[in-house]
2 protein chains.
Amino acid sequence: MIKNDRLLKAIRGEQTDRYPVWLMRQAGRILKEYRQVRAQFKDFKQFIATPEAAAEVTIQPVDILDVDAAIIFSDILVVPDAMGFSYAMEENKGPVFEKKFENEESLNELNIPDVYDNLNYVAEAIKLAKQGLNNRVPLIGFAGAPFTLFSYIAEGQGSKTFSKARKLLYTQPVLCHKALDKITQTTIAYLKMQVKAGVDVVQLFDSWAGFASPEQYSEFGVQYLKKICDAITEVPVTVFAKGAFFARKEIAQLNCNTIGIDWNMDMQESRSIIGNNKTIQGNLDPCALYGNFDQVKAQSLKMLRKFEGYRHIANLGHGVYPDTNPENVKCFINTIKEYEIK
Amino acid sequence: MIKNDRLLKAIRGEQTDRYPVWLMRQAGRILKEYRQVRAQFKDFKQFIATPEAAAEVTIQPVDILDVDAAIIFSDILVVPDAMGFSYAMEENKGPVFEKKFENEESLNELNIPDVYDNLNYVAEAIKLAKQGLNNRVPLIGFAGAPFTLFSYIAEGQGSKTFSKARKLLYTQPVLCHKALDKITQTTIAYLKMQVKAGVDVVQLFDSWAGFASPEQYSEFGVQYLKKICDAITEVPVTVFAKGAFFARKEIAQLNCNTIGIDWNMDMQESRSIIGNNKTIQGNLDPCALYGNFDQVKAQSLKMLRKFEGYRHIANLGHGVYPDTNPENVKCFINTIKEYEIK
């Protein structure tokens with residue numbers, strides 16, 4: 001049994017002595033201990049494909065920051081990579097794909113792989129992380145949501161508009177649905193593998209949801225989130241659709257326990273849209289961690305005062321930014337821990 | 001008197017035979033005629049500082065696309081440039097500033113210039129454009145909103161997060177307010193110069209509003225929009241705060257006639273938040289123009305059916321994307337023109 005089970009209780013809506021807290025991107029980015037492990041690998045993909053290293057950096061934030069959950073260290077793009085759309089992580093540019101998804105031929109090249117053949121290293125990392133955590137806190141597994149993964153392969157790289165990807169959604173909707181369906185099938189198998197390997201919760205990251213119009217996201221985004229939420233019955237599911245303020249009502253209807261919200265979305269308004277049957281995770285602006293301790297504390301308290309009842313998980317509204325001082329992150333975490341639930 | 005005054009009528013909430021239509025970024029980007037003029041200049045800044053050239057490309061969309069308004073061809077960054085924060089327009093990267101705004105010294109270096117000394121070329125371009133338009137359609141002037149201009153100089157360049165700029169807002173709010181105040185004063189003088197030169201309407205572009213949290217935007221964004229809206233009494237003002245769905249209620253309280261909305265914001269929901277005392281401008285997804293004519297028409301009609309009453313100006317929810325086929329833009333425009341207001 002997991003000793004610190006506050007996260008799981010909050011997910012189920014049960015009473016806790018205080019709000020659980022963890023940070024998106026807590027593994028990686030901000031810790032010098034992470035950078036020491038990272039430096040042993042020339043290539044980022046080689047790093048995440050090495051279970052011992054991935055497990056080590058997964059556990060670091062639990063040891064160093066004393067957060068209430070670990071999240072497996074990996075990358076959402078391992079899924080398209082395993083499906084035949086390989087990427088390279090370029091310095092200062094992010095992921096760049098070898099080829100773009102653009103037509104029927106691309107659809108043929110998009111395989112539904114056996115996740116145990118292609119992504120077993122993630123399962124291995126999860127098993128090692130579970131061992132290292134030794135039931136101190138829950139371990140969160142994750143995957144990119146189909147809309148976001150499709151946006152990446154259709155765009156071929158990151159973008160400020162994702163206009164190439166969204167062009168395809170307008171011009172070839174049937175083709176896109178077929179691709180989204182393949183990605184969804186793979187994602188379900190991938191998450192089920194993670195569950196078997198030991199994760200206690202899974203989170204879907206729909207990082208580019210905010211580029212879509214409400215109708216487009218409903219058709220090409222939420223529909224596939226639904227399939228995944230319906231298929232993953234073994235552990236609770238968290239959905240984080242960044243920027244999709246317009247889809248909160250629809251997301252609230254999904255078979256998920258927790259909904260992540262970003263810092264653009266007002267907590268109280270989100271609660272009134274989402275209702276009381278879901279846990280809300282978020283949503284401090286990552287930039288709020290740049291201040292001095294007094295400022296960090298004040299901003300964290302401002303967020304906490306907007307929480308209502310137990311169904312909240314304290315987190316940022318986006319991944320922690322790389323140049324954030326870990327001491328400020330600790331200040332954020334401690335402010336959450338000292339706050340009494342009313 | 002302006003012959004086609006549909007835009008002005010819609011702004012005032014008066015009856016029109018059909019909805020007026022124009023496109024953000026219609027001048028530049030998509031027309032081959034624009035690229036011919038652009039090719040005469042090595043440097044983008046030199047191009048916009050040449051009144052004859054700026055006036056020529058301002059008029060092109062009226063001649064070629066038959067839109068209901070012209071918008072003066074310029075760049076929002078001419079204001080920080082004139083204030084002492086010079087930028088270079090780098091290929092495939094966008095604007096890069098010579099120095100960043102980061103401390104008290106930066107505040108001293110941020111001048112409030114005499115706009116007639118530094119930005120007179122914009123006034124000259126406006127006068128020439130007015131002559132060339134010969135009262136066929138109204139001419140729109142514009143400026144970047146203070147929040148966006150400040151974000152640019154504090155970040156030093158474009159960004160996917162504007163985290164450096166927003167860090168400063170958290171850590172040095174007093175300094176930032178002083179800078180925003182200087183930018184606001186300059187912007188007011190700049191817009192008044194544009195009005196004197198002949199523009200019929202002005203639009204404020206708050207392109208990076210969507211990076212802020214609701215509270216941050218209220219404090220550092222809306223407050224300065226208000227000062228400008230209160231100061232510009234000579235012509236109607238349009239406010240377009242991209243991504244600031246959370247601020248629609250506050251923006252609806254400003255002394256402006258028109259509110260621009262992006263394609264993430266549902267038209268009907270926006271109308272219910274904004275009320276009936278403002279004209280709404282927008283909001284077709286620019287990617288919707290990538291389809292074939294049938295698709296473009298269907299998407300345009302979908303938007304039009306969400307309009308209610310006369311207080312609407314048809315436009316995109318963002319600037320038209322550079323690789324859009326001008327024939328598709330014409331299809332969008334014609335669909336608007338053929339649509340009967342119910």
query = What number of residues in region A:278-308 are open to solvent by 10 Å² or more (accessible area, probe 1.4 Å) and touching a residue at least 60 places away in the same chain (Cβ under 8 Å)?
reply = 1
task = Could you tell me whether region B:297-319 includes any residue that is farther than 17 Å from residue B:13 by Cβ and β-branched (Val, Ile, Thr)?
result = no
remark   = Note on region B:102-119: residues more than 27 Å from residue B:163 (Cβ to Cβ), open to solvent by 70 Å² or more (accessible area, probe 1.4 Å) and in a loop (DSSP other than H, G, I, E, B) are B:112, B:114
key: Conditions (1) of a type outside the set (Phe, Trp, Tyr); (2) part of a loop (DSSP other than H, G, I, E, B); (3) farther than 26 Å from residue A:5 by Cα: number failed by residue A:342   = (3)
inquiry  = List the residue pairs whose Cβ atoms are under 9 Å apart, where the first residue sits in region A:5-22 and is more than 12 Å from residue A:200 (Cα to Cα), the second is surrounded by fewer than 19 Cβ atoms within 10 Å (Cβ to Cβ) and among the small types (Gly, Ala, Ser), and the two are 6 or more positions apart or on different chains.
reply    = A:13/A:309
ask   = For the subset of region A:59-68 comprising residues that are part of a helix (DSSP H, G or I) and in contact (Cβ under 8 Å) with a residue 40 or more places away in the chain, which member is most open to solvent (accessible area, probe 1.4 Å)?
value = A:64
request  = Give the residues of region A:166-181 that are open to solvent by less than 10 Å² (accessible area, probe 1.4 Å) and more than 9 Å from chain B (Cβ to nearest Cβ), sorted by residue number.
outcome  = A:175, A:176, A:179, A:180
remark   = The residue that is farthest from residue A:16 (Cα to Cα), considering only those in region A:311-322 that are touching a helix residue (DSSP H, G or I) at 6+ places or on another chain (Cβ under 6 Å) and of a type outside the set (Val, Ile, Thr), is A:321
ask   = If you check A:275, A:309, which single one turns out to be more than 23 Å from residue B:247 (Cβ to Cβ), away from every other protein chain (no Cβ under 14 Å) and at pLDDT below 95?
value = A:309
inquiry  = If residue A:71 meets every condition in (1) open to solvent by less than 10 Å² (accessible area, probe 1.4 Å); (2) β-branched (Val, Ile, Thr); (3) under 18 Å from the mean Cα position of the chain (by Cα) apart from one, which number is that one?
reply    = (1)
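Tell me, please, whether a residue that is more than 19 Å from the chain's Cα centre (by Cα), crowded, with 23+ Cβ neighbours inside 10 Å and on the phi < 0 side of the Ramachandran plot can be found in region B:90-101. Talk me through it step by step, then tell me what you get.
Step one: filter region B:90-101 for residues more than 19 Å from the chain's Cα centre (by Cα), giving B:90-93, B:96-101.
Next, from what is left, pick out any that are crowded, with 23+ Cβ neighbours inside 10 Å: B:101.
Right, trim to on the phi < 0 side of the Ramachandran plot and you get B:101.
Yes: region B:90-101 contains one or more residues that are more than 19 Å from the chain's Cα centre (by Cα), crowded, with 23+ Cβ neighbours inside 10 Å and on the phi < 0 side of the Ramachandran plot.
Need at least 1 residues that are in contact with a Ser or Thr (Cβ under 9 Å, 6 or more places away or on another chain) and without any contact (Cβ under 8 Å) to a residue 60 or more places away in the chain per element, so show me which helices (runs of 4 or more DSSP H) inside region A:201-262 make the cut, counting only ones lying wholly within it.
So the answer is A:223-231, A:248-251.
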ask   = Just one of B:184, B:161 is in contact (Cβ under 8 Å) with a residue 12 or more places away in the chain and either surrounded by 18 or more Cβ atoms within 10 Å (Cβ to Cβ) or touching a Ser or Thr at 6+ places or on another chain (Cβ under 8 Å) (or both); which is it?
value = B:184
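Residue-by-condition table, conditions (1) closer than 25 Å to residue A:155 by Cα; (2) among the hydrophobic types (A, V, I, L, M, F, W, C):
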| site | (1), (2) |
| --- | --- |
| A:71 | no, yes |
| A:76 | yes, yes |
| A:79 | yes, yes |
| A:82 | yes, yes |
| A:104 | yes, no |
| A:107 | yes, yes |
| A:120 | no, no |
message = If residue A:246 satisfies all but one of (1) open to solvent by less than 20 Å² (accessible area, probe 1.4 Å); (2) touching a Pro at 6+ places or on another chain (Cβ under 7 Å); (3) within 14 Å of chain B (Cβ to nearest Cβ), what's the number of the condition it fails?
response = (1)
remark   = When region B:126-175 is checked residue by residue, the ones that are in contact with a helix residue (DSSP H, G or I) (Cβ under 8 Å, 6 or more places away or on another chain), of a type in the set (Val, Ile, Thr) and in a helix (DSSP H, G or I) are B:126, B:148, B:153, B:171
message = Every residue in region A:328-342 that is in contact (Cβ under 8 Å) with a residue 60 or more places away in the chain, open to solvent by less than 10 Å² (accessible area, probe 1.4 Å) and closer than 10 Å to residue A:304 by Cβ, please.
response = A:336
task = Give region B:258-272 a look and list any residue that's within 14 Å of chain A (Cβ to nearest Cβ) and open to solvent by less than 10 Å² (accessible area, probe 1.4 Å), or say none.
result = B:261, B:262, B:265, B:267, B:270
key: Hey, residue A:146 touching a residue at least 60 places away in the same chain (Cβ under 8 Å), over 18 Å from residue A:242 (Cα atoms) and either among the aliphatic types (A, V, I, L, M) or away from chain B (no Cβ under 12 Å) (or both) or not   = no
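Which of the residues that make up region A:5-15 are in a loop (DSSP other than H, G, I, E, B) and either touching a Gly at 6+ places or on another chain (Cβ under 7 Å) or within 17 Å of residue A:333 (Cα to Cα) (or both)?
The one that is in a loop (DSSP other than H, G, I, E, B) and either touching a Gly at 6+ places or on another chain (Cβ under 7 Å) or within 17 Å of residue A:333 (Cα to Cα) (or both): A:5.
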task = Take region A:284-306 and flag every residue that is of a type in the set (Asp, Glu) and either more than 12 Å from chain B (Cβ to nearest Cβ) or touching a Phe, Trp or Tyr at 6+ places or on another chain (Cβ under 6 Å) (or both).
result = A:285
note = For region A:15-55 the number of residues that are touching a Phe, Trp or Tyr at 6+ places or on another chain (Cβ under 7 Å) and within 22 Å of residue A:314 (Cβ to Cβ) is 6
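So which of B:282, B:319, B:275, B:291 is small (Gly, Ala, Ser) and in contact with a Gly (Cβ under 8 Å, 6 or more places away or on another chain)? If you could, list the steps in order and put the result at the bottom.
Values: B:319 fails: in contact with a Gly (Cβ under 8 Å, 6 or more places away or on another chain); B:275 fails: in contact with a Gly (Cβ under 8 Å, 6 or more places away or on another chain); B:291 fails: in contact with a Gly (Cβ under 8 Å, 6 or more places away or on another chain).
None of the other options fit; the residue is B:282.
Conditions tested, residue by residue: (1) out of contact with any Asp or Glu (no Cβ under 7 Å at 6 or more places or on another chain); (2) part of a helix (DSSP H, G or I); (3) open to solvent by 50 Å² or more (accessible area, probe 1.4 Å).
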position: B:17; (1), (2), (3): yes, no, yes
position: B:40; (1), (2), (3): yes, no, yes
position: B:54; (1), (2), (3): yes, yes, no
position: B:57; (1), (2), (3): yes, yes, no
position: B:84; (1), (2), (3): no, no, no
query = Using beta carbons and a limit of 7 Å, which pairs, at least six apart or on different chains, have the first residue in region B:40-51 and under 17 Å from residue B:118 (Cβ atoms) and the second one in a loop (DSSP other than H, G, I, E, B) and acidic (Asp, Glu)?
reply = B:48/B:75
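The values are calculated or read from the model by the stated rules, or taken from the named source; none is laboratory data. Everything quoted here is computed from the prediction, not taken from an experiment. When we count neighbours, we look across all protein chains shown, and the Cβ atoms used for this are built from the backbone with ideal geometry, even at glycine. Accessible surface is based on the protein model in full, side chains and every heavy atom, while ligands, DNA and RNA are left aside. Shrake-Rupley method; radii C 1.70, N 1.55, O 1.52, S 1.80 Å.
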